[in-house]
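Asks: Please read through the structure below; I'll follow up with questions.
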Amino acid sequence: MPGSEETGSGPVVHDHRRIDPVTGQVRGKHAASKPAGTRGAGRPAPSPEAAGTQAGGTQAGGPAEDQPEDQHDKHEERDAAATQESPEEASEMVTGQVIKDGKLAADVVAQLAERTADLQRLQAEYANYRKRVDRDRAAVQEQAIVKTLTGLIPVLDAINQAREHGELSGGFEKVADSLLAALGRLGLMAYGEKGDPFDPKIHEALTYTDSPDVAEDTCVEIIFPGYKVGDRILRPAKVAVAAPATGPDGASNETEWPDAEEGN
């Protein structure tokens, strides 16, 4: 067959492939001189010095596989030495971090104080708003009650006149009593009694006479009672007033009219 020789021990096959199938390297021009499958096929034989160096390195340094690990350790030591910082640099870094954290804490405290002030202001405004609303609501309610009760005062005057004349009896009397009770629950109060001192703030004098029986201006007759809700006067009491006949100095308070003949 081509490329083969007959020897005494059997046929010898020479490998003329340019690429060594074992190492993947390009063979030299003497690669075909060695039989295929033999050690070092396709590669030049190492020189005695290289062989001795390789053998010595293997014996002295251990397996060739250990050398990359030693180199990796050396690289790690060199990187660690390069990343080590001096005390001054470390101190500057810590100081900068402390300053940064302190500034951040101060900003947080300032923002917290600002938000707290805003919440307190809103709470105060809301409390004032509720007070104002409650006050306005109470004022509107009172005004509505006052307006309603003021419109019912003529009805109460008619009931009082009917009672004085004995015309309030039977079912009408019960209706009147129920009405007066309901108005009383709304805060309506009648005032004015015979003998009360005259007070122009709550009384309206319809008549005015002198009397030796009183020492001060006195309500001697209640013509129409007064009505009020709380301190608010809905209608002053209409009364007849009697004044003392003599003043504090004992002089008469009666007015003397001149005689018509003396005037002529």
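Asks: Would you mind computing, in nm to one decimal, how far apart the modelled labels at THR207 and LEU119 are, each placed 7 Å from Cα along Cα→Cβ?
Replies: 7.3 nm
Asks: Could you work out the local net charge near TYR129, counting Lys and Arg as +1, Asp and Glu as -1, over the other residues with Cβ closer than 13 Å to its Cβ? Let's see the in-between values first.
Replies: On the way: positive: ARG121, ARG130, LYS131, ARG132, ARG135, ARG137; negative: GLU125, ASP134, ASP136.
So the environment of TYR129 carries a net charge of +3.
Asks: Also, I was wondering about something else. If you stretched the chain out fully between ARG185 and TYR129, how much longer would it get, using 0.36 nm times the residue separation minus the C-alpha to C-alpha distance? Could the numbers behind the result be given before it?
Replies: Details: separation 56, 0.36 × 56 = 20.16 nm, distance 2.97 nm.
Value of the extension gain: 17.2 nm.
Asks: Can you pull the accessible area of VAL155 for me, 1.4 Å probe, Å² to the nearest 10?
Replies: Its accessible surface works out to 70 Å², give or take rounding.
Asks: In addition: Label GLN161 and ALA110 with points 7 Å out from Cα along Cα→Cβ: what is the distance between them in nm?
Replies: 8.0 nm
Asks: So between LYS103 and GLU216, what do we pick up on full extension, going 0.36 nm a residue minus the alpha carbon distance?
Replies: Once the chain is fully extended between LYS103 and GLU216, it gains 32.5 nm.
The values are calculated or read from the model by the stated rules, or taken from the named source; none is laboratory data. Since the structure is predicted, the reported quantities are computational estimates derived from the model, not experimental observations. Backbone-built Cβ (ideal geometry, glycine too); neighbour counts: all protein chains shown. These accessible areas exclude ligands, DNA and RNA; they are computed on the full protein's heavy atoms, side chains included. Shrake-Rupley method; radii C 1.70, N 1.55, O 1.52, S 1.80 Å.
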